[in-house]
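Student: Sharing a structure with you now.
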Amino acid sequence: MSTARKLRDAMSKGMVVAPFVYDALQAKIAERVGFEAVYMTGFGTAASRGFPDLGLLTMSEMVDNARIISRSVTLPVICDADTGYGNPTNVWRTVREYEHAGAAALHIEDQVWPKRCGFLTGKQVIPLDEMVPKVRAACDARSNPDTVIIARTDALAVKGWEDVVRRTHAYREAGADLIFVDGIRTQDDLQNYVTRLNDLPLLYNGQLRPVAALANFGFKLTIYSGTLIAYYEAARNALTQLKQTGSLAGELGGNAFGELIDLLGVEEIDARGKKYSGPA
């Protein structure tokens with residue numbers, strides 16, 4: 001069964017939670033602790049290369065990261081594909097490249113390129129009649145009909161809810177499997193999201209409510225952005241402690257190192273090496 005089919009089956013049974021990850025190690029940890037899917041964050045992918053999420057990465061850089069993450073886990077990988085990197089023809093190629101890299105799902109957004117992180121100010125959106133053909137192209141480009149195409153709009157901060165409603169229904173009519181309104185900042189935004197668009201299959205990005213409460217809103221998929229800040233804070237705090245004290249609590253101690261060795265498959269790879277060493 002393809003990972004895209006796994007994702008569709010899981011969403012048919014309830015809300016799927018996909019934590020933000022930007023590398024293979026984070027994805028493998030998410031799989032080990034029991035998540036059903038992971039989300040390859042564009043913000044995190046850019047940050048891991050030292051850039052802000054301002055449209056500075058190319059399609060090939062994003063696809064390379066999708067490939068690295070996808071081959072490291074058996075989970076569905078949901079991917080940020082920015083604006084699709086051009087016109088509908090470019091979107092077509094983008095979908096094919098992400099599929100070949102192993103993505104189970106991807107979202108394209110209606111921002112003007114270069115795009116900005118959905119929670120930054122200064123965003124602009126393209127006209128509705130320019131985005132609809134891009135959604136249609138994304139859906140038509142699928143080589144696997146189970147690949148989940150997600151249409152994202154950033155119009156909330158730019159034009160307000162009336163435009164969001166118009167856009168999201170048009171994107172759904174164009175074939176999008178899921179609708180994603182980014183920039184949900186407040187509890188009122190969240191309530192508007194689920195009441196104004198209650199006839200659409202929705203993706204939520206954020207952590208305004210605990211996961212159990214979010215499931216009650218009827219979302220098909222939640223991509224949980226809080227993990228991105230948790231990764232940053234954990235690394236910052238550990239490095240600050242090392243700089244200030246000269247050591248780290250639990251440094252290469254306890255069970256963590258053994259768990260990491262096991263997670264990375266050291267014994268399996270060693271066994272494979274022994275199999276092919278020596279005489280046949």
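The values are calculated or read from the model by the stated rules, or taken from the named source; none is laboratory data. Owing to the predicted nature of the structure, the values given are computational and were not obtained by experimental measurement. Don't worry about glycine lacking a Cβ; one is built from the backbone with ideal geometry, like all the others, and counts go over all protein chains shown.
Student: In this structure, is L75 touching a residue at least 24 places away in the same chain (Cβ under 8 Å) and surrounded by fewer than 19 Cβ atoms within 10 Å (Cβ to Cβ)?
Tutor: no
Student: Considering only residues of region 128-172 that are part of a loop (DSSP other than H, G, I, E, B) and closer than 20 Å to N198 by Cα, which is farthest from the chain's Cα centre (by Cα)?
Tutor: Only one residue fits best here, namely G160.
Student: Test L156 against the criterion of being within 24 Å of L7 (Cα to Cα) and either crowded, with 21+ Cβ neighbours inside 10 Å or modelled with pLDDT of 95 or more (or both), and give yes or no.
Tutor: Spelling it out, it is not the case that L156 is within 24 Å of L7 (Cα to Cα) and either crowded, with 21+ Cβ neighbours inside 10 Å or modelled with pLDDT of 95 or more (or both).
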